[in-house]
Amino acid sequence: MTTSVHPDVERDLVDPALPPRDRPEQRPGRHRRERVPADDLTVIIPAYDEVASIADTVRSVLGQSTPPARVVVVDDCSTDGTGEAARAAGAEVIRPEHNTGSKAGAQNLALGLVDTAYTMAIDADTTLAPDAIETLLEPLDADASVAAACGFVVPRHVRSVWERGRYVEYLLSFTFYKPTQDHYGAPLIASGCFSAYRTDVLRDAGGWSERTRAEDMDLTWTFFQRGHHVRFVPEAVCYPIEPHDLDFMSKQLRRWSHGFVQNVRLHWRGILPLPFLSTAVGVAMVDAVVASLVYLLVLPVLAVVVSPWVLAAYVVDVPAILVPVLVAARRRGEVGKALASVPAFLVLRIVNGVFMIRALWSEVVLRKPLLVYEKGH
């Protein structure tokens, strides 16, 4: 079954504000394989109280160069008309009798209905570049050993200090860290906001697990331990709505930090035999602990005891950060935006440290894991 487009929204399928860098016609030299047939893909969009963004997400999916066979929105007992908005935008909507309690639960509900070779998960606040689906499916179509593929993430709005901090964080991560990880065959995480999977492999792994608060990281590491490959596709671009204030950012960082610690505790034995992945996770864990303690405790104490000039260490690595960030920003025609956002990234880095230390203390020392899924955007 091919999903039809609602006539009232057909004219709005492609976002006119799409950055020039991310328009397909701006990448004329990129080799393209034959398109994956539309009837091979089902897109799952979990949603709870997302009426403000769900229609944009559905329209961007239906307006793709390779539209999917089905777009299934899981209206997880929303109270704000999310289901009606999704249906009006052209999606198939299912609604459980009771709230599933998590993004993973909502996605697994829809997974039971999937009868296509590929499944894609997209957040309800995320829009896509016009050829993002076609591009993301290429490694899955080309290599049977690839279980999942993830794309490049750019915040849709870059206005508040928190959105600006996340913008720089993503440019750094998806321009430097992620390509490096992909080169060694082990992207640390297939981002939950926009990833594609082989449906049979996804089902064989049990779908999205609810045993941690970072189901996308859990699934990615499970794939690696089962001998599957995961690919990062930088040309496939998506635009989530990031937290615009400290309240929403706190919810997201709390979930991410606890989810990371939970996954390390859950998977450490299984990833030890995987050289690059175990090294990458180990470095990330040490950095999370050491860097957080240095930023939050060591530097302030040394500034009082030794000299205030010690605080310059907070910005000593800025030149190293700027290089990959400005390279990515220049390609996107956004150098000014990137430069103006760097101070916000330094603030976000400190706040990240606070939440990581709290998560480690709660999960490891107090043995009080985070059990409730709370979305922040």
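Restricted to the range 240-313, the set of helices (runs of 4 or more DSSP H) holding at least 1 residues that are touching a residue at least 24 places away in the same chain (Cβ under 8 Å) comprises 246-271, 275-293. Between TYR197, TYR170, which is among the aromatic types (Phe, Trp, Tyr), at pLDDT 95 or above and in contact with a Leu (Cβ under 9 Å, 6 or more places away or on another chain)? Going through TYR197, TYR170 in turn, just one is among the aromatic types (Phe, Trp, Tyr), at pLDDT 95 or above and in contact with a Leu (Cβ under 9 Å, 6 or more places away or on another chain): TYR197. Among the residues making up the range 130-176, those that are assigned to a loop (DSSP other than H, G, I, E, B), among the aliphatic types (A, V, I, L, M) and within 17 Å of GLU334 (Cα to Cα) are VAL154, VAL158. Scanning the range 78-111 for residues that are buried (at least 22 other Cβ atoms within 10 Å of the Cβ), of a type in the set (A, V, I, L, M) and touching an Asp or Glu at 6+ places or on another chain (Cβ under 9 Å) turns up ALA85, ALA86, ALA89, ALA104, ALA106. Just checking, does the range 324-342 include any residue being touching a residue at least 60 places away in the same chain (Cβ under 8 Å) and not in a helix (DSSP H, G or I)? Yes, some residue in the range 324-342 is touching a residue at least 60 places away in the same chain (Cβ under 8 Å) and not in a helix (DSSP H, G or I). Would it be correct to say that ARG231 is part of a helix (DSSP H, G or I) and open to solvent by 10 Å² or more (accessible area, probe 1.4 Å)? No. Considering only the range 196-215, state which residues are farther than 14 Å from ASP141 by Cα and of a type in the set (S, T, N, Q). Hits for the range 196-215 are SER209, THR212. The selection criterion, being open to solvent by 40 Å² or more (accessible area, probe 1.4 Å), modelled with pLDDT under 95 and either over 22 Å from VAL114 (Cβ atoms) or among the small types (Gly, Ala, Ser) (or both), does not hold for PRO67. Would you be able to say whether some residue in the range 287-310 is within 17 Å of TYR177 (Cβ to Cβ) and open to solvent by less than 40 Å² (accessible area, probe 1.4 Å)? Yes, that holds for at least one residue.
The values are calculated or read from the model by the stated rules, or taken from the named source; none is laboratory data. Because the structure is a prediction, the values reported are computed rather than measured. Counting neighbours? That spans all protein chains shown, and the Cβs are built from the backbone with ideal geometry, glycine included. What goes into the accessible areas is simple: the full protein's heavy atoms, side chains included, and nothing from ligands, DNA or RNA. Shrake-Rupley method; radii C 1.70, N 1.55, O 1.52, S 1.80 Å.
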